[in-house]
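Right, one structure below, let's go through it.
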Amino acid sequence: MSTQRDVLIVGAGLSGCLLAVYLARRGHRVRVYERRGDPRVAGYVGGRSINLALSARGLWGLAGVGLDRVVMERDAIPMPGRMLHDREGRTGFQPYSSREGDAINSVSRGGLNLTLLHEAAAEKGVEFVFNHWCMDVETAGPSAWFNAPDQRNIRVDAEIIFGADGAFSPVRGRLQKQDRFDYSQTYLRHGYKELVIPALPGGGFAMERAALHIWPRGGTMMIALPNRDATFTCTLFWPFEGEHSFAALPPGPRVRAFFEREYPDASALMPTLEEDYEKNPVGSLVTVRCWPWQHGGTVAVLGDAAHAIVPFYGQGMNCAFEDVRVLAGLLDEHKGDFRAALPAFQDARKANADAIADMALENFVEMRDLSGRAEFQHAKRIEQLLHRAIGDAVTPRYNLVSFSTVPYAVAQRRGREMERLVEAVAARVPAPGVYDGAWEQAVLDAARPLLSTITPLEREA
């Protein structure tokens, strides 16, 4: 057992609560300070929170403290594929994998945050302090300054400080003032707004529950994820400006007519569309990259504070949970020595965080522009046939990202190799009138001479 340390976590969100559990079980005293009110009392503040897709990496992070089953039983709805909706209201299902049982899981951010908060608060040595806004951090010491509810500024001393405080992290803001700190933030020209599809009068789901629903419109899209109460959380991803944009459609009488034209099947299921569209704000989408993630083995950032990404691969939370378990493993490896573990942690995670940031941006183009195109769907059929027939040697990038814990950087390189392979096969075996056994054999015959271009996973990892 390592020597007990006094640890301060700034941020009681998903990664902050999970980190508190891991550290408490290693014998440390943990205090978690949060700027918002206690959601156990006030409820979770919605309207700006995209539903989350929990997949293998996030489950691995939760499993390290035995919370994977808890979360799956309380909060999750499996989604084995995506359901595409065209402008005429027709739908088509695209499975995420050729392997039975592969699915990502829809979870409510608020519900999951409450689950993790309750679990962390039940741990011996964990204390939560709400309504305290972090104003600054002193790396010497270290200590953090907070604005309390009575407007006093108070100083909290600790031995270790973690910033789990999101994309606009005050803890990272202090690290940025250190010499030779690299930082960039890049915004999409798109923003997001939440809407809702309620449960049917009898309490059932208004659409297929086992799917992530997408209305791709070329440059824009709407998605919908199922909730345990039979509602769907819908999210618009539109440009801020332009023809099909938030600027072009202010709240008002034109909203319903626009949705009836662009999303007719969804519009019919949204009785509170006009009200939701008016009251829910437009959020921005930012990618944050920085280095280093720690200072002196005593102050560090993780999750969005270190590597905020856009949500289009559903990996922000999963990456953060993976951060936490990797950090805990390195603390064990270094016998509780934070000064050794924190540099090792940032070295282990930086390239992978950059890789998933890039892939998330690429997947936005796939979801909004490509997923509805016939040539894309043909390529996906080839990819899944190869994986089903040949196995792990040709695992698609999506599977490596969502259904494995293969490092993100490896998944990115393998994805590029698979893309070239599938493009070559598609050029030789065009889309048939019927996808039958003869077509499948032709695909396999075309692919086999090219398999040597795929690097074996064991060699890359």
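Which trypsin sites (Lys or Arg not before Pro) does the range 359-406 hold that lie in a coil by DSSP with at most 13 other beta carbons within 10 Å?
Details: sites: Arg368, Arg373, Lys380, Arg381, Arg388, Arg397; in loops: Arg373.
Taking the range 359-406 and a limit of 13 other Cβ atoms within 10 Å, the loop trypsin sites (Lys or Arg not before Pro) found are Arg373.
Among the DSSP beta bridges whose two residues both lie in the chain, what percent are antiparallel, rounded to the nearest 5?
Details: 49 of 68 bridges.
Expressed as a percentage, antiparallel bridges in the chain total about 70.
Roughly speaking, what is the stretch gain from Ile390 to Arg339, that is 0.36 nm per residue apart minus the C-alpha to C-alpha distance, in nm to one decimal? Mind dumping the intermediate values first?
Working: separation 51, 0.36 × 51 = 18.36 nm, distance 4.53 nm.
Gain in length upon complete extension: 13.8 nm.
How high is the relative contact order of the range 373-460? Use alpha-carbon pairs under 8 Å, at least six apart in sequence, and give a whole percent.
Working: 61 pairs, mean separation 30.3, N = 88.
Dividing the mean separation by the residue count of the range 373-460 yields 34 percent.
How far apart, in nm, are two points set 7 Å out from the Cα along the Cα-to-Cβ line at Gln176 and at Ala268?
4.8
Tell me, Ser108, Ser452 in order of fewest to most beta-carbon neighbours within 10 Å? Display every interim value, and only then the final one.
On the way: Ser108 24, Ser452 7.
With the sparsest Cβ surroundings first, the list reads Ser452, Ser108.
Using only Cα atoms, tell me the angle between helix 338-365 and the longest principal axis of the chain; keep it within 0 to 90° and round to the nearest 10.
30
Residue separation times 0.36 nm, minus the C-alpha to C-alpha distance between Glu88 and Asp157: what's the value?
Values: separation 69, 0.36 × 69 = 24.84 nm, distance 6.00 nm.
Full-extension gain reported as 18.8 nm.
What is the fewest-to-most order of Arg420, Arg90 by other Cβ atoms lying within 10 Å of their Cβ? Walk me through the intermediate numbers first.
Values: Arg420 13, Arg90 9.
Arranged by neighbour count, lowest to highest, Arg420, Arg90 become Arg90, Arg420.
If you take the beta carbon distance between Phe240 and Phe376 as r and set R0 to 35 Å, what does 1/(1 + (r/R0)^6) give as a FRET efficiency, to the nearest 0.05?
On the way: r = 27 Å, r/R0 = 0.76.
Efficiency, rounded to the nearest 0.05: 0.85.
In what order do Val286, Val429, Val171 fall by count of nearby beta-carbon atoms within 10 Å, going from fewest to most? Please report the intermediate quantities before stating the final value.
Numbers: Val286 15, Val429 19, Val171 30.
By the 10 Å Cβ count, ascending: Val286, Val429, Val171.
Of all trypsin sites (Lys or Arg not before Pro) in the range 180-221, which ones are in loop regions per DSSP and have a Cβ with at most 13 other Cβ atoms within 10 Å? Each step should come with its number before you reach the end.
Working: sites: Arg180, Arg189, Lys193, Arg209, Arg217; in loops: Arg180, Arg209, Arg217.
Loop-located and lightly packed - Arg180.
Treat each spin label as a single point 7 Å out from the Cα along the C-beta direction, and report the Thr455 to Ala248 distance in nm.
4.2
Can you work out the FRET efficiency for the pair Leu444 and Ala351, with r the C-beta to C-beta distance and R0 = 35 Å, to the nearest 0.05? Write out the running numbers ahead of the final one.
On the way: r = 34 Å, r/R0 = 0.98.
Computed FRET efficiency for Leu444 and Ala351 comes out at 0.55.
In nm, to one decimal, how far is the modelled label at Ala199 from the one at Asp150, with both set 7 Å along Cα→Cβ?
Label-label distance for Ala199 and Asp150, simple model: 4.4 nm.
Computed FRET efficiency, Cβ-Cβ of Glu423 and Asp38, R0 56 Å: what is it to the nearest 0.05?
Once rounded, the FRET efficiency stands at 0.60.
So how tilted is helix 14-24 from the main axis of the chain? Cα-based, degrees 0 to 90, rounded to 10.
Its long axis makes an angle of about 50 degrees.
When the convex hull of the Cα atoms of the chain is projected onto a plane and the area is averaged over all directions, what value comes out in nm²? Kindly include the intermediate steps, with their values, before the conclusion.
Details: hull surface 94.7 nm².
Over all viewing directions, the chain projects a mean Cα-hull area of 23.7 nm².
So if each residue of separation counts as 0.36 nm, and I subtract the Cα-Cα distance between Glu138 and Ala122, what length gain in nm does that give?
Numbers: separation 16, 0.36 × 16 = 5.76 nm, distance 2.96 nm.
Difference between extended and current length: 2.8 nm.
Enumerate by residue number the chymotrypsin sites (Phe, Trp or Tyr not before Pro) in the range 218-298 meeting two conditions: DSSP loop (anything except H, G, I, E, B), and at most 11 other Cβ atoms within 10 Å of the site's Cβ.
none
How high is the relative contact order of the chain, in percent, counting Cα pairs under 8 Å that sit 6 or more residues apart?
Details: 882 pairs, mean separation 82.8, N = 461.
Dividing the mean separation by the residue count of the chain yields 18 percent.
Taking the Cα atoms only, what angle lies between the long axis of helix 109-121 and the longest principal axis of the chain, rounded to 10 degrees?
Relative to the chain, helix 109-121 is tipped by roughly 30 degrees.
For the chain, what is the mean residue ellipticity at 222 nm derived from helices alone (per DSSP H run of n ≥ 4: -39500 (n - 2.57); sum divided by total residues; nearest 500 deg cm²/dmol)? If you can, show how the numbers build up before the last one.
Numbers: 17 runs with 179 residues, N = 461.
Calculated mean residue ellipticity at 222 nm is -11500 deg cm²/dmol.
Which log10 I(q)/I(0) values, to two decimals, does the range 1-123 give at q = 0.13, 0.15, 0.17, 0.22 Å⁻¹ under the Debye formula with one point per Cα?
Rounded to two decimals, the profile gives -0.63, -0.78, -0.92, -1.28.
No value in this document is a laboratory result; all are computed from the given coordinates. Predicted model only: the values in this text are computed from it and were never measured. As a convention, Cβ positions derive from the backbone with ideal geometry for all residues, glycine included, and neighbour counts pool all protein chains shown.
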